[in-house]
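Below you'll find the structure, written out as structure tokens, and then a few comments.
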Amino acid sequence: MDFNKQAYFQRQTTLTEIGLTGQDLLQKAKVLVIGCGGLGSPVAIYLATSGVGELHLVDFDNVSVSNLHRQVFFRVKDIQQPKVEILAKEIEKRAPFTKVTCTNKAINKNSILELIAKYDIIVDGTDNLQIKYLINDACVLKKKPLVYGSLYKFDGYVATFNVLNGDGDYTCNLRDAFPEIATDIPNCEEAGTLNPIVGIIALLQVNEVVKLITKTGKLLTNQLLIYNSLENSQLKIKLKKNKSLIFEDIFRNSNYLDAHCTTQDSALLISSSNFKKRVKDSNIEIVSVINNLQTVIPFEVHKKIPHKIFDIEMFIPKFDKTYVFVCEKGIKSYDITQKIKNKFPDLAVFSLFEGIEKY
């Protein structure tokens, strides 16, 4: 079917603040969306249908059952398929005037600077604090505007960082809002999240990108918007620029890895394929250390002891058993496995590699 571009964008170009000039700016814009889950997937769809000319999507994850309640552009039949590929196909169905490409792997310190250099605006749709700081620091170094979004239970956070001012300086960035990377904040998998807040924050991010491209309205620069869905309240916190930060040094000296994501000893791991062969063996004792007791585990476990209350001193093993500890991503289970192996060197104990997400 042939589409008439003027008819497609008519409702938007009718706005005098946008018009054909603003629409042309959108068509010429190149936007990078990092993270294609709850925030990134609606961001990408709405940016495409708004007329952004070029979108690149980055995510390493596959669609899982637990995504579907809030990541509404994925369907049941998409489970176990790469998010970026599914999302790119959805955009192609809806947005004939947008060129969409994707990268199905995680960003890292080695690749991010080269990646973001190609785009006008960067959108952060990730849920990993370390990666959020990596994106922020890279944007500061490459002088790229960053539209930030994050979630915590019923709260959402939005800001537009690192925009060039009229005086030649750049507006505040993530480290002006939160100078240090917090280590005790659970992600949405552990803390939970409500469907509507995800969409609300994603669309606020889209709104910032469209305003930024079309030079319309007032941006959320030098401030952080906090929206609470239970109270329908919002608060704007003013931010002050910390000009003493040397981002070249910060970037060079940071590895941007979770403190728990250290190199894992293969001798303490059991692969998903090997575990599937042994999961029903009589001598296997499977222990879940997932904090959320409501998480669906795709096999029967013998005990559920949340990682946050697991006491190694209270653990009394049976040495005729082989213990397999499991969690969502294989990080908490590896932590427990290491500690138990240190205390009981002769015990057969393993962590399910990459957790139930990759089972």
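None of the figures in this text is laboratory data; all of them are computed from the coordinates on show. Since the model is a prediction, treat every value here as computed from it, not as a measurement. Positions of Cβ are generated from backbone atoms using ideal geometry, with glycine treated the same way; all protein chains shown enter the neighbour counts.
Report the label-to-label distance for THR21 and LYS321 in nanometres (one decimal), using points 7 Å from each Cα along the Cα→Cβ vector.
Taking the simple label geometry, THR21 and LYS321 are separated by 7.2 nm.
Arrange the following residues from fewest to most other Cβ atoms within 10 Å of their Cβ: THR14, THR160. The partial results should precede the final answer.
Numbers: THR14 9, THR160 24.
Taking fewest neighbouring Cβ atoms as first place, the list is THR14, THR160.
Sorting check: for 28-40, 238-250, which peptide has the highest mean count of neighbouring beta carbons within 10 Å, and how do the rest follow?
Details: 28-40: 24.7, 238-250: 11.4.
Ranking the peptides 28-40, 238-250 by packing returns 28-40, 238-250.
Once R0 is set to 35 Å, what does the formula 1/(1 + (r/R0)^6) return for the Cβ-Cβ distance between LYS236 and VAL72, expressed as a FRET efficiency to the nearest 0.05?
Efficiency for this residue pair is about 0.80.
Grab the DSSP H runs of the chain that are 4 residues or longer, score each as -39,500 (n - 2.57), total them, divide by all residues and round the 222 nm result to the nearest 500 deg cm²/dmol.
When only DSSP H runs of four or more count, the value is -9000 deg cm²/dmol.
Note the angle between two axes, namely the Cα long axis of helix 195-214 and the longest principal axis of the Cα atoms of the chain, as a number of degrees from 0 to 90, rounded to the nearest 10.
40
Quick one: angle between helix 40-50 and the longest Cα principal axis of the chain, in degrees between 0 and 90, rounded to 10, please.
20
Summing +1 for each Lys or Arg and -1 for each Asp or Glu, what net charge is found among the other residues whose Cβ lies under 13 Å from the Cβ of ILE213?
Working: positive: LYS28, LYS30, LYS211, LYS215; negative: GLU17, ASP24, GLU54, ASP120, GLU208.
So the surrounding residues net to -1.
Given the C-alpha centroids of the range 270-318 and the range 206-236, what is the distance between them in whole angstrom?
43
Rounded to whole Å, give me the distance from the Cα center of the range 158-179 to that of the range 55-134.
Value for the Cα centre distance between the two parts: 24 Å.
Roughly what angle does helix 83-94 make with the longest principal axis of the chain, taking Cα atoms, 0 to 90 degrees, to the nearest 10?
With both axes taken from Cα atoms, the answer is about 30 degrees.
Across the range 296-307, in residue order, what do the Karplus-derived ³J(HN,Hα) couplings come to in whole Hz, using 6.51 cos²θ - 1.76 cosθ + 1.60 with θ = phi - 60° and x for Gly and Pro?
7, 10, x, 7, 6, 10, 8, 9, 10, 10, x, 3
Gaussian network model of the chain, Cα springs within a sub-10 Å range: biggest mean-square fluctuation belongs to which of VAL301, VAL63, VAL147?
Of VAL301, VAL63, VAL147, the Gaussian network model singles out VAL301 as fluctuating most.
Hey, in the GNM for the chain with a 10 angstrom Cα cutoff, which one of ILE107, ILE312, ILE116 fluctuates hardest?
Of the options given, ILE312 has the highest mean-square fluctuation.
Figure the gain on full extension for GLN80 and ALA117 (residue separation times 0.36 nm, minus the Cα-Cα span) and round it to one decimal in nm. Could the numbers behind the result be given before it?
On the way: separation 37, 0.36 × 37 = 13.32 nm, distance 3.09 nm.
That works out to 10.2 nm of additional length.
List the pairs from LYS83/LYS218; LYS28/LYS143; LYS30/LYS142; LYS93/LYS236; LYS132/LYS304 whose alpha-carbon separation is above 26 Å, in the order I gave them. Present the calculation step by step, with values, prior to reporting the outcome.
Values: LYS83/LYS218 32 Å; LYS28/LYS143 19 Å; LYS30/LYS142 15 Å; LYS93/LYS236 37 Å; LYS132/LYS304 31 Å.
From LYS83/LYS218; LYS28/LYS143; LYS30/LYS142; LYS93/LYS236; LYS132/LYS304, over 26 Å: LYS83/LYS218; LYS93/LYS236; LYS132/LYS304.
Could you tell me the center-to-center distance, by alpha carbons, between the range 326-359 and the range 1-33 in angstrom?
Taking the Cα centre of each part, the range 326-359 and the range 1-33 sit 52 Å apart.
Taking a cut-off of 14 Å between Cα atoms, list the aspartates and glutamates near LYS99, but don't count ones fewer than 8 places away on the same chain.
GLU54, GLU85, GLU90
Can you give the net charge of the other residues whose Cβ lies under 14 Å from the Cβ of ALA159, counting K and R as +1 and D and E as -1? Numbers along the way, then the final one.
Numbers: positive: LYS132, ARG175, LYS211, LYS218, LYS236, LYS238, LYS240, LYS241; negative: ASP124, ASP155, ASP176, GLU208.
Combined, the nearby Lys, Arg, Asp and Glu give +4.
So what are the ³J(HN,Hα) numbers for the range 352-359, from phi and the Karplus equation (6.51, -1.76, 1.60; θ = phi - 60°), rounded to whole Hz, Gly and Pro as x?
Taking θ as phi minus 60°, the curve returns 5, 4, 6, x, 6, 4, 9, 6 Hz for the range 352-359.
Taking the simple approach of a point 7 Å from Cα along Cα-to-Cβ for both ASN110 and LEU293, what is their distance in nm?
Rounded to a tenth, the inter-label distance reads 4.3 nm.
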